[in-house]
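Would you mind keeping the following structure in view while I ask a few things?
The values are calculated or read from the model by the stated rules, or taken from the named source; none is laboratory data. Just so it is clear, the structure is predicted and the values come from calculations on it, not from any experiment. Neighbour counts are summed over all protein chains in view; Cβ atoms, including those assigned to glycine, are modelled from backbone coordinates with ideal geometry.
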Amino acid sequence: MKQQELFDESDNVVPDNTSLFYVSGENQVPNDTPPPELAKLMDLSMDAFSAVLHARMSELPIEREISQYIEKICKAGNKTAAAQAALDRGDPNVLAVWKAANKVTGEIHLLMGLLRFSPGPNGVYTARCAPDHFILPAMAEHFTLRFGETPWAIIDEKRGLCLYREIGSEATLIRISADLPPPTSLLLGSEDNADDSWEDLWRLYHRSIFNEGRKNLKLQRQFMPERYHKYLPELK
């Protein structure tokens, strides 16, 4: 499924329409039609639109730079000029947007490889994380294809969010808290009830492929910073 489709009308579902939630940050039920300036941005340059999308997901304080970047592209007039303007890193606003977007893109790809899933009490494969940026919606399409009809969930402990997919449904992003628990059919369980035998399998797999002669802790920390180690059974 596409990121733009991740929304629902229930009270605890996080509105996830690209134009309203990521870019404007407004917490409201989305419309089918994006604001005029974003519709124009999409028409002129999908690269620019993607950069704005990811920059907004970074949660960095660059709202002014994002706004001016959108204005710059929309004033370009045609797709050729827009493409050039979108990559004009001599412009500090363009540079700020792309730096933020690249941080998000990098973490998305990193977590796609680092997430560790364990089966829960109801057959739901669950992974936990605390990413630097608001990236859960960008994981939906990848893990929907990866798991097929197997139900799965990714919990962002830092933001109290859960991206989950049940059998026969689309991936959905919800808030989880004492007041707004996940759907009863999901039965995520808690971190304290994690399946130790499943974590042991991860450790066994890691030991079986690990080459002691190629051990490089400095390089490991570069690709797997210590803030992620909490969620990697093989490194506990």
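Within the range 76-94, is there a residue that is modelled with pLDDT under 85, part of a helix (DSSP H, G or I) and not assigned by TED's automatic domain parsing to the domain that holds Gly148? Working first, answer last.
Taking the range 76-94 as the starting set, the residues that turn out to be modelled with pLDDT under 85 are 77.
Okay, now just the ones that are also part of a helix (DSSP H, G or I), so none.
No, because not a single residue in the range 76-94 is modelled with pLDDT under 85, part of a helix (DSSP H, G or I) and not assigned by TED's automatic domain parsing to the domain that holds Gly148.
What residue, of Ala127, Ala138, is in a strand (DSSP E or B) and outside the structural domain of Pro61 (by TED's automatic domain parsing)? Full working, then the answer.
On the way: Ala138 fails: in a strand (DSSP E or B).
Sole residue among the options that is in a strand (DSSP E or B) and outside the structural domain of Pro61 (by TED's automatic domain parsing): Ala127.
Look through the range 75-112, keep the residues that are surrounded by 14 or more Cβ atoms within 10 Å (Cβ to Cβ) and touching a Leu at 6+ places or on another chain (Cβ under 6 Å), and return whichever of them is farthest from His54 (Cα to Cα).
Ranking the qualifying residues of the range 75-112, first place goes to Ala82.
Among the residues of the range 183-195, are any under 22 Å from Pro121 (Cα atoms), modelled with pLDDT under 65, touching an Asp or Glu at 6+ places or on another chain (Cβ under 8 Å) and among the polar types (S, T, N, Q)?
For the range 183-195, residues under 22 Å from Pro121 (Cα atoms), modelled with pLDDT under 65, touching an Asp or Glu at 6+ places or on another chain (Cβ under 8 Å) and among the polar types (S, T, N, Q): present.
Within the range 145-177, restricting attention to residues that are in a loop (DSSP other than H, G, I, E, B) and in contact with an Asp or Glu (Cβ under 6 Å, 6 or more places away or on another chain), which residue is nearest to Lys230 (Cα to Cα)? Lay out the reasoning, then the answer.
Going residue by residue through the range 145-177, those that are in a loop (DSSP other than H, G, I, E, B) are 148-151, 157-160, 166-171, 176-177.
Add one more test, that the residue is in contact with an Asp or Glu (Cβ under 6 Å, 6 or more places away or on another chain), and what stays is 151, 167.
Values: Pro151: 24, Ile167: 29 Å.
So, considering only residues that are in a loop (DSSP other than H, G, I, E, B) and in contact with an Asp or Glu (Cβ under 6 Å, 6 or more places away or on another chain), the one nearest to Lys230 (Cα to Cα) is Pro151.
Quick check: is even one residue across the range 113-121 surrounded by 14 or more Cβ atoms within 10 Å (Cβ to Cβ), in contact with a Cys (Cβ under 7 Å, 6 or more places away or on another chain) and modelled with pLDDT under 95?
Here is the first cut: in the range 113-121, the residues surrounded by 14 or more Cβ atoms within 10 Å (Cβ to Cβ) are 114-120.
With the extra rule that they be in contact with a Cys (Cβ under 7 Å, 6 or more places away or on another chain), the set shrinks to 115.
Adding the requirement that they be modelled with pLDDT under 95 leaves 115.
For the range 113-121, residues surrounded by 14 or more Cβ atoms within 10 Å (Cβ to Cβ), in contact with a Cys (Cβ under 7 Å, 6 or more places away or on another chain) and modelled with pLDDT under 95: present.
Suppose we filter the range 95-124 for residues that are in a helix (DSSP H, G or I) and of a type outside the set (A, V, I, L, M, F, W, C); how many remain? First the steps, then the outcome.
So in the range 95-124, the residues in a helix (DSSP H, G or I) come out as 95-114.
Checking which are of a type outside the set (A, V, I, L, M, F, W, C) leaves us with 99, 102-103, 105-107, 109, 113.
Of the residues in the range 95-124, 8 are in a helix (DSSP H, G or I) and of a type outside the set (A, V, I, L, M, F, W, C).
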